[in-house]
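The values are calculated or read from the model by the stated rules, or taken from the named source; none is laboratory data. Just so you know, these numbers come straight off a predicted model, no measurement behind them. In this analysis, Cβ positions are derived from the backbone assuming ideal geometry, glycine residues included, and neighbour counts consider all displayed protein chains. Areas reflect the complete protein model, heavy atoms only, side chains present, ligands, DNA and RNA absent. Shrake-Rupley method; radii C 1.70, N 1.55, O 1.52, S 1.80 Å.
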Amino acid sequence: MRKNQTLGEFIIEKQTEFQYSSGELSKLINAIRLAAKVVNHEVNKAGLVDITGSYGDTNIQGEEQQKLDVLAHEKFIQTLTNREIVCGIASEEEESFISINSLDNRHQNKYVVLIDPLDGSSNIDVNVSVGTIFSIYRRITPIGTPVTLEDFLQPGKNQVAAGYVVYGTSTMLVYTTGHGVNGFTLNPAIGTFYLSHPNMQYTETGKIYSVNEGNYIHFPQGVKDYIKYCQQEEDDRPYTSRYIGSLVSDFHRNMIKGGIYLYPESSKAPNGKLRLLYECNPMAFIAEQAGGSASDGFRRILDLQPSALHQRTPFFCGSRKMVATLEAFMHKSPI
Ligand code: P6P
């Protein structure tokens, strides 16, 4: 691994790390790299052409679909489908999963991909950074048969890879295949991602907490107590409050600087807002690979057994000691 290595060179060099891989996982990461460049191009010109307006349609979440949401969804689906690398795709923008029938209908591909094509899209038309989040599993039903819902409802600890693209002041692709976390920055002039952040690691503790404090009165008592703890004048506190409202951006900053991201359940959102499969599992895998942790306040996110594609979960993720302190407050006041 060397600074300024390209993502393509890095994937080839790391090929040997992918256990029993026939190169499919490398091809899959490459396909995501291509789609990320295409979406980046569209996101960067969003203000110039008429694609920032709402698409008028609403997605499975009942959220108004911004045109870029739909475009990003279509680009990733198209790129992943055309290369016969995966046997199925589930997108946060679609109600059900998509079975990719190989041309010869032999269903020989072994990976499924879950994707949030453009997370934080409500920030698009105010020029705040947004992101793509992806998660890759090996299918669990027999190769040679059509993919089933069971292949997608796997606990996050089964992931073989996960990553995100943050379309911010620069565009970065950050991912893990279970051997640490590496960040690549796009040089838009030549359309190449370069290794800019090798072996990304959380600091054991941090001084940033990220939560939408506008929902404070709706939070469980344990979360309220933790927020007050962050604000007390004691030891290394008060901490700094930083909340962009775009998970990928808040997560990325906290992983680099140290911190905790909180999206609790509330009386308004009894299971929280974030989706377990499309947002929490991939970010939890990355966090743990970077020495951090991710919890629903009581349980490790990656251990949760999903029961539905779009289920939501409370989500607390970041520097290990900060998440542990949050969990202590939750155990003291569990409701
Ligand atoms: P709120 C974006 O819609 C998102 O899913 C995350 O990217 C972000 O962290 C969160 O929701 C923001 O939610 O309720 O604070 O606006």
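Of the listed requirements (1) farther than 19 Å from Arg275 by Cβ; (2) open to solvent by 40 Å² or more (accessible area, probe 1.4 Å), Leu149 misses just one: (1).
Considering (1) crowded, with 18+ Cβ neighbours inside 10 Å; (2) not in a loop (DSSP other than H, G, I, E, B), the lone condition that His331 does not fulfil carries the number (1).
Among the residues of the range 278-299, the ones that are in contact (Cβ under 8 Å) with a residue 24 or more places away in the chain and not in a loop (DSSP other than H, G, I, E, B) come to 14 in all. Looking at the structure I just gave you, is Thr148 more than 16 Å from the ligand (Cβ to nearest atom) and polar (S, T, N, Q)? Criteria met by Thr148.
Hey, among the residues in the range 157-169 that are closer than 17 Å to Gly88 by Cα and touching a residue at least 60 places away in the same chain (Cβ under 8 Å), which one's surrounded by the most Cβ atoms within 10 Å (Cβ to Cβ)?
Checked the range 157-169; the qualifying residue surrounded by the most Cβ atoms within 10 Å (Cβ to Cβ) is Ala162.
Looking only at the range 193-230, filter to residues that are more than 21 Å from the chain's Cα centre (by Cα), part of a loop (DSSP other than H, G, I, E, B) and closer than 18 Å to Asn271 by Cβ; which one of those is nearest to the ligand (Cβ to nearest atom)? Step by step, filter the range 193-230, then rank; the result is Phe219.
Out of the residues in the range 231-276 that are assigned to a helix (DSSP H, G or I) and more than 14 Å from the ligand (Cβ to nearest atom), state the one that is most open to solvent (accessible area, probe 1.4 Å).
Ranking the candidates gives Lys257 first.
Looking at Gln221, is it touching a residue at least 12 places away in the same chain (Cβ under 8 Å), open to solvent by 60 Å² or more (accessible area, probe 1.4 Å) and of a type outside the set (Asp, Glu)? Yes.
With respect to the conditions (1) within 20 Å of Ile244 (Cβ to Cβ); (2) touching a Ser or Thr at 6+ places or on another chain (Cβ under 7 Å); (3) open to solvent by 20 Å² or more (accessible area, probe 1.4 Å), Asn127 lacks only one, and its number is (2).
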